[in-house]
Amino acid sequence: MPQYKLDYLDLLEAESIHIMREVAGQFDRPALLFSGGKDSITLVQLALKAFKPGKIPFPLVHIDTGHNFPEALEYRDRVAAQTGAKLIVRKVEDTIRARGLKEPIGKFASRNALQSYTLLDTIEEFGFDACIGGARRDEEKARAKERIFSVRDEFGQWDPKKQRPELWNLYNGMIAKGENVRVFPISNWVELDVWNYIKREGIELPSIYFTHEREVIVHQEHLVALSPFIRLDEDDVILKKNVRYRTVGDMTCTAAVESTASSIDDIIAEINKTNISERGETRIDDQVSEAAMEDRKKNGYF
Amino acid sequence: MDLLRFITAGSVDDGKSTLIGRLLYDTDSIKVDQLETIQKQSKNKSEGEIDLALFTDGLRAEREQGITIDVAYKYFSTTKRKFIIADAPGHIQYTRNMVTGASNSDLIIILIDARQGVVEQTRRHTIIASLLQIPHVVVTINKMDMVDYSEEVYNSIVADYFKMAEMLHIKDVTFIPISALKGDNIVNTAGNTPWYQGETLLQHLETINIVKYINFSESRFPVQFVIRPQSDDLHDYRGYAGKVLSGTYKKGDVVTILPDGIESVIEAVEIHGKEVEEAFAPQSAVIRLKDDIDINRGDVIVTKNSQPKVSQDLEATLCWMDNKPLTAGNKYLLQVQSRRVRCVVKEINYKLDVNTLEKHENISQASLNDVVHVTIKTASPIVYDNYNALRANGGAILIDETAHTTVAGCMLI
Ligand SMILES: Nc1nc2c(ncn2[C@@H]2O[C@H](COP(=O)(O)OP(=O)(O)O)[C@@H](O)[C@H]2O)c(=O)[nH]1
């Protein structure tokens, strides 16, 4: 009998592809949220594989906060063009103007929370019934109990008490008009799985994931890139450091880590050695409150 | 390196949270910042000691508030395997949560408090494990430190459990004496149980054979999506995308497309756009056929040698998961893999007491957490297998037609 054995990455991939195809099969207008970050890059790779030799049967959508790393935007456009999928970009800036929203203030004024408005408007504009996102359950507690198919009401709200039981590999994507489903195909992957997969697949990444010299300030032990989007105070000391990013978010709320890693192998070695979780090391906005994520999710955040 | 999914079950205070915390801690799966948070919360512990149970704190807090909670997933890995833990706590919604968590698990860890031995809950967890056909059962006898690591205590609990397991037709059971608090026989052998020669829990989790329980002989491939590029170079390409639930598929195989029963031959099997020799469970693949037939999402491609059931009349054991009760005559949608059809639950034949396996007849309703045996009639034929014979194609869910919620998990018969 042949050896019917699969590697864990093959098993994770097979499950994620199954989910991608369920989305394509169950929904009329799905979309894949693509930011140029490693998790959404992984999603694009999975979507490509799921529908080969056809094209990805849904558009890629980016909610642009205006605070992105230029390297990530350049990468986003290039990859979207390569896949042949349609890229839709909607800007938080425009939502702020159109809706008269208040710009957040403060040292690291983050538009992270405002993204939800733009996302909901975009969902409405295109009538998306499913949005595929790259969230993983290992990221933090509120995610750990979220379903792979997570239903949101008209206001984009997540109600943890009303989650549908999810059994076997059967996904219930039935919704009423106005509702939509957030789908998380890599729910069961952890950070290292993503890195190992990127390595195995030879996926190209935005340059900021690798070591580079950057001007930063130190804030509560986090290294924050100098950018027009943060407020410099008198006692801030600007340092030049060799850094890389472990995750790609907004320049205002994503911290860099000191690193000399110039290849995926180096990165994997570093992650294996570090003892701090991805979120703890890189997300400035989550430090505010333990329940920060859960609160944002209830309000339509991804 | 492969992947094992397991679920943990125990009554409240048996030490389930501590055990999960211990597994994560002793395999260095907990990051410093997470540890610091826990240390801050471990107030009533002496310096340096941490409350391992707090790693599952998010759920614990909810439990204390009496909020309905469901399955949370935790992850860790060693050099041998990646592990996915389904943590399904809560007493009120217990059956529902456990059934959900168990549906995807290759293995269940049932905790027994060494001071209490086999209790009603143990029986119930075992019955649910057997209903859901979890291939491996590990019974950990916890808090051995509180019974002086006594071999007699351990042996008598093992004997009690064996008796019960035999009655429930559970075959593959492994017993391990542990102390989740002290760490005995979980990742490390602490030397407190010299009379125990078996594996530690982690060794066991790392080495049990998972592939053995995948069915490679009866081939089931539900079509999820039809790939039709319609580009110039792939003008006539038509590929059926799906997941091999069981069995294998290769070029030249004679297949039947169900429920219509049309026959064809496999032209090619592709994975990620490349032709492969063979696709096998649980791979996601694309199948192309020699004949140009109309196949849609929801159809199932099977090889000729083994046929599933194709029927509109079926029986099922189901776990009711909704607050609104099930009444005979109610209509729902039944989803089996990618096929969703309208159905009516014609009869509730009996209710199964998950503590005793007793059957209660003359039942008019099933409420949340009830396990009942029902007769269902569907609007059009569905393709399925007996859950106990082929787990991969025997599970189904019922969906409320207007609320769209998932109201039941069904083991088809
Ligand atoms: N002595 C001893 N106490 C334990 C052991 N495992 C858990 N406990 C204690 O039992 C109590 C309940 O444990 P917990 O993990 O919260 O139980 P759960 O309700 O099953 O999650 C806690 O006070 C634990 O410290 C053990 O092996 N030995």
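Taking every residue in A:19-31, how many Cβ atoms of other protein chains lie within 10 Å of its Cβ, on average?
Details: counts 3, 4, 11, 6, 2, 6, 10, 6, 0, 0, 0, 0, 0.
Partner-chain Cβ atoms within 10 Å, mean over residues of A:19-31: 4.
Take every DSSP beta bridge whose two residues both sit in chain A, then give the antiparallel share in percent to the nearest 5.
Values: 17 of 30 bridges.
Close to 55 percent.
Spin-label model, residue B:310 to residue B:231: label points 7 Å out along the Cα-to-beta-carbon direction sit 3.5 nm apart. The calculated FRET efficiency for the pair residue B:327 and residue B:389, based on their C-beta separation and a Förster distance of 22 Å, comes to about 0.15. Straight-line cross-link reach from residue A:241 at under 13 Å between alpha-carbon atoms covers these aspartates and glutamates, not counting any fewer than eight positions away in the same chain: A:213, A:215, A:258. Within the shell of other residues whose beta carbon sits under 10 angstrom from the beta carbon of residue B:190, the net charge comes to -1, with Lys and Arg scored +1 and Asp and Glu -1. From the alpha carbon centroid of the stretch A:183-223 to that of the stretch B:223-276 is 36 Å. Taking amide H as placed 1.01 Å from N in the peptide plane, the amide H of residue B:175 sits under 5 Å from that of B:139, each at least 5 places away or on another chain. With loop membership from DSSP and a limit of 15 other Cβ atoms within 10 Å, the longest segment of chain B without GluC sites (Glu not before Pro) is B:50-276. Rounded to the nearest 10 degrees, the angle from helix B:151-167 to the longest Cα principal axis of chain B is 30 degrees.
Let's test the formula: R0 of 25 Å, r as the Cβ-Cβ distance of residue B:342 and residue B:364. What FRET efficiency results, to the nearest 0.05?
On the way: r = 22 Å, r/R0 = 0.89.
Working from the Cβ atoms, E equals 0.65.
Only aspartates and glutamates eight or more places from residue A:55 in sequence, or on another chain, were considered; those with a Cα closer than 19 Å are A:13, A:22, A:28, A:77, A:201, B:232, B:233, B:236, B:270, B:275.
Each part reduced to its alpha carbon centroid, the stretch B:86-160 and the stretch B:176-197 end up 17 Å apart.
Residue by residue along A:156-167, Cβ atoms of other protein chains within 10 Å of the local Cβ number 6 on average.
Residue order for B:1, A:251, fewest other beta carbons within 10 angstrom first, comes to B:1, A:251.
Can you pick out the pairs among A:199/B:212; A:5/B:80; A:49/A:273; A:5/B:250; A:102/A:162 whose Cα atoms lie more than 20 Å from each other?
Values: A:199/B:212 30 Å; A:5/B:80 14 Å; A:49/A:273 32 Å; A:5/B:250 17 Å; A:102/A:162 31 Å.
From A:199/B:212; A:5/B:80; A:49/A:273; A:5/B:250; A:102/A:162, over 20 Å: A:199/B:212; A:49/A:273; A:102/A:162.
Which residue, B:95, B:193, B:402, tops the fluctuation ranking in a GNM of chain B built on C-alpha contacts under 10 Å? So, out of B:95, B:193, B:402, the one fluctuating most is B:402. Relative to the current alpha-carbon distance between residue B:250 and residue B:79, full extension at 0.36 nm per residue lengthens the span by 58.3 nm.
Among beta bridges identified by DSSP and lying wholly in the protein assembly as shown, the antiparallel ones come to about 70 percent.
As a check on your grasp of the helix formula, calculate [θ] at 222 nm for the protein assembly as shown: sum -39500 (n - 2.57) over DSSP H runs of n ≥ 4, divide by the residue count, round to the nearest 500.
Details: 17 runs with 179 residues, N = 715.
Dividing the helical sum by the residues of the protein assembly as shown leaves -7500 deg cm²/dmol.
Taking the DSSP bridge list for chain B and keeping only pairs wholly inside it, about 75 percent are antiparallel. Considering only A:215, A:201, A:191, the mean-square fluctuation computed in a Gaussian network model of chain A, springs between alpha carbons under 10 angstrom, is largest for A:201.
Sparse packing (at most 12 other Cβ atoms within 10 Å of the Cβ) combined with a DSSP loop state is found for none of the GluC sites (Glu not before Pro) in the stretch A:65-146. Go ahead and collect, in residue order, the members of the stretch A:80-107 whose backbone nitrogen is under 19 Å from a label point 7 Å along the Cα-Cβ direction of residue A:203. Counting backbone N atoms under 19 Å from the label point, the list is A:80-88.
Note on chain A: with a GNM built from Cα contacts shorter than 10 Å, the maximum mean-square fluctuation among A:182, A:214, A:99 falls on A:99. The angle between the Cα long axis of helix B:120-131 and the longest principal axis of the Cα atoms of chain B comes to about 20 degrees, rounded to the nearest 10.
Here residue A:221 and residue B:115 are evaluated by their C-beta separation; at R0 = 30 Å the FRET efficiency comes out at 0.10. Taking the alpha-carbon distance from residue B:377 and a cut-off under 21 Å, which lysines remain once sequence neighbours fewer than 8 residues away in the same chain are dropped? Here the lysines satisfying the reach criterion relative to residue B:377 are B:309, B:324, B:331, B:346, B:351. Placing a label point 7 Å from the Cα of residue A:162 along the Cα-to-Cβ direction, the residues of the stretch B:333-347 with a backbone N closer than 20 Å are B:333.
Every number here is computed from the coordinates shown, using simple stated rules; none is lab data. None of these values were measured; they are calculated from a predicted model. Because the Cβ atoms are built from the backbone with ideal geometry, glycine has one as well, and the counts that use them run over all protein chains shown.
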